[in-house]
1. Looking at (1) touching a Cys at 6+ places or on another chain (Cβ under 7 Å); (2) not in a helix (DSSP H, G or I), can you tell me which one F:SER47 breaks?
2. Please go through (1) buried (at least 18 other Cβ atoms within 10 Å of the Cβ); (2) more than 7 Å from every other protein chain (Cβ to nearest Cβ); (3) in contact with a Lys or Arg (Cβ under 8 Å, 6 or more places away or on another chain) for E:ASP55 and return the number of the only condition it doesn't satisfy.
3. Just name the residue that is surrounded by the fewest Cβ atoms within 10 Å (Cβ to Cβ) out of those in the range D:25-37 that are in contact (Cβ under 8 Å) with a residue 12 or more places away in the chain and within 22 Å of C:VAL65 (Cβ to Cβ).
4. When you scan the range F:25-35, how many residues do you find that are more than 7 Å from every other protein chain (Cβ to nearest Cβ) and out of contact with any Asp or Glu (no Cβ under 9 Å at 6 or more places or on another chain)?
5. Could you tell me how many of the residues in the range E:9-24 are within 8 Å of chain B (Cβ to nearest Cβ) and either of a type in the set (A, V, I, L, M) or open to solvent by less than 90 Å² (accessible area, probe 1.4 Å) (or both)?
6. For E:ARG71, which of the numbered conditions (1) surrounded by 12 or more Cβ atoms within 10 Å (Cβ to Cβ); (2) at the interface with another protein chain (Cβ under 10 Å from one of its Cβ atoms); (3) at pLDDT below 90 fails to hold?
7. Restricting attention to the range B:1-20, and to residues there that are open to solvent by less than 80 Å² (accessible area, probe 1.4 Å) and hydroxyl-bearing (Ser, Thr, Tyr), which single residue is modelled with the highest pLDDT?
8. Counting just the residues of the range B:29-51 that are facing chain D (nearest Cβ under 7 Å) and modelled with pLDDT under 95, which one comes out nearest to E:SER47 (Cα to Cα)?
Amino acid sequence: MNFGGYQQQQQMQSGLNMSMAEQELEMVTTLFNNIVDSCHRKCIPPKYHDNELNKGESVCIDRCVAKYFEVNMKVGQKLTAQANQGQAMM
Amino acid sequence: MNFGGYQQQQQMQSGLNMSMAEQELEMVTTLFNNIVDSCHRKCIPPKYHDNELNKGESVCIDRCVAKYFEVNMKVGQKLTAQANQGQAMM
Amino acid sequence: MNFGGYQQQQQMQSGLNMSMAEQELEMVTTLFNNIVDSCHRKCIPPKYHDNELNKGESVCIDRCVAKYFEVNMKVGQKLTAQANQGQAMM
Amino acid sequence: MDFSGLSDNDRGRMNAYIEQKQMKDFLRLYANLVDRCFENCVNDFTSKALSSKEDTCLTRCVDKFIKHSERVGLRFGEQNALLQQQQQQQQQAMGGAPPQ
Amino acid sequence: MDFSGLSDNDRGRMNAYIEQKQMKDFLRLYANLVDRCFENCVNDFTSKALSSKEDTCLTRCVDKFIKHSERVGLRFGEQNALLQQQQQQQQQAMGGAPPQ
Amino acid sequence: MDFSGLSDNDRGRMNAYIEQKQMKDFLRLYANLVDRCFENCVNDFTSKALSSKEDTCLTRCVDKFIKHSERVGLRFGEQNALLQQQQQQQQQAMGGAPPQ
């Protein structure tokens, strides 16, 4: 049936868009969570002397986030370059 | 159509209940798995001298589980208090 | 309705096959990812002197993968033996 | 857990969900156990086969971990029962009827 | 994120998805925070109850982590905005129309 | 893996599933690689930009990890083939017909 086929096609298209939007959201969340974890490890010593972030910790967090974004971009570029050279990866 | 609407509503309600029950099950499983991991790290030294739990390890596990539950409750209370003060968190 | 029941049964059967195939794929992927992580930790020192695998690292990887498979099999056998003895596990 | 709020149909789906979850949890435990015992017991890569020392370590690692998990399971059940009891008492103390 | 490419129907489902995801993310954060603070603050198993020293450590651990997450959130938003700005400029420099 | 037990319809869905899984696995690998190389190479927070030393470390970390993954992939395939061969021989030795 034509109408059914059209509907199904729309649903598949819609499913594709959904899955892309979900994937993008998933990527951003993972990136955020990894930065929280990584910068906590790098900037907040596990001896807790008080319950505020001190000056040094705050500055460290700012730089840590900026550097993580830079690393994320560079690794992405390297992977893209590798993929374009046709080197397969699992 | 009324009937369809009612059915759909029931399905959504049912979906909601399911998702809440699934979420509760998910929470309990995550808590259990985290306790297994954490108390294994705290109580079982990675030099394995035999294949039984000795007295010290057994007592350590019992206290570790009790303490983990206490921490879980306290952190939950702190997060709730924070949320009620209207402090947003991502 | 008979026809509907048959269809539903087929779908459930089909869902079961799918879920088994998905589960098998999931298992193999998890095993691969865990080996990549574990053998990277065991064989590649985090001081990166160049961007090639040297001889020692390469041989280490080969043996590490073989040993991981052996451990995977042995642990599986032990778990099966335990399960057959009727010892419950969560 | 209390599933009395669910319809028969939902309870059926919930049971199917739980069954699938148990399989998934078992596979997760299995992978986790392999990874943990490999990490702790295998550190010699001068050979391709497990040494007898490594093999002994593995057996102990698996046995101890299973016993550890079982003991955690027992204590977990007790603590969880205690917690639910406290929550019920709190609800009754506040004069509220328990949720249907 | 830009969801303008989605139909109304999809946007509704996307919102439901996001809501469910937020709940899941919150539970993940909660479990993560408990695990991290237990790991850092609780190391004495000669008693079954938390000591006052452990309790103080826990409070600081939770407070600091929340403030840490909030600060990372602010910087993350800035960096993300910067990134999208750069990508738009790049697309315009290449003479390409932005994707519809 | 052997999907001959699946219907045509299921095989189609399985392929869609695999495709989605590959995308997910790639994104997981990407995030994992970023995290690992950031962890190993970036330790100086007196500046906001990557130093040339950190940048060199990153390049090597990524290159080595990719080569490592590829080598593991080769050995993994061999070991997996070996395992399936052994399982088939075992089944035949036990006089059983292979599962349809």
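The values are calculated or read from the model by the stated rules, or taken from the named source; none is laboratory data. In this text, all values refer to a predicted model and were calculated from it rather than measured experimentally. Cβ coordinates were reconstructed from backbone atoms using ideal geometry, including for glycine residues, and neighbour counts include every protein chain displayed. Surface areas here come from the heavy atoms of the whole protein model, side chains and all, with no ligands, DNA or RNA. Shrake-Rupley method; radii C 1.70, N 1.55, O 1.52, S 1.80 Å.
1. (1)
2. (1)
3. Kept after step one, since they are in contact (Cβ under 8 Å) with a residue 12 or more places away in the chain, are these residues of the range D:25-37: D:29, D:33, D:36-37.
Right, trim to within 22 Å of C:VAL65 (Cβ to Cβ) and you get D:33, D:36-37.
Working: D:LEU33: 21, D:ARG36: 18, D:CYS37: 25.
Selected residue: D:ARG36.
4. Step one: list which residues in the range F:25-35 are more than 7 Å from every other protein chain (Cβ to nearest Cβ), which gives F:26, F:28-29, F:32.
Subsequent filtering for residues that are out of contact with any Asp or Glu (no Cβ under 9 Å at 6 or more places or on another chain) retains F:26, F:28-29.
Here the count works out to 3.
5. Counting residues in the range E:9-24 that are within 8 Å of chain B (Cβ to nearest Cβ) and either of a type in the set (A, V, I, L, M) or open to solvent by less than 90 Å² (accessible area, probe 1.4 Å) (or both) gives 1.
6. The one condition E:ARG71 does not meet is (3).
7. Of the range B:1-20, the ones open to solvent by less than 80 Å² (accessible area, probe 1.4 Å) are B:4-5, B:14-15, B:17-19.
Of the ones still in play, those that are also hydroxyl-bearing (Ser, Thr, Tyr) are B:14, B:19.
Working: B:SER14: 54, B:SER19: 76.
This residue is B:SER19.
8. Looking at the filtered set, the residue picked out is B:PRO46.
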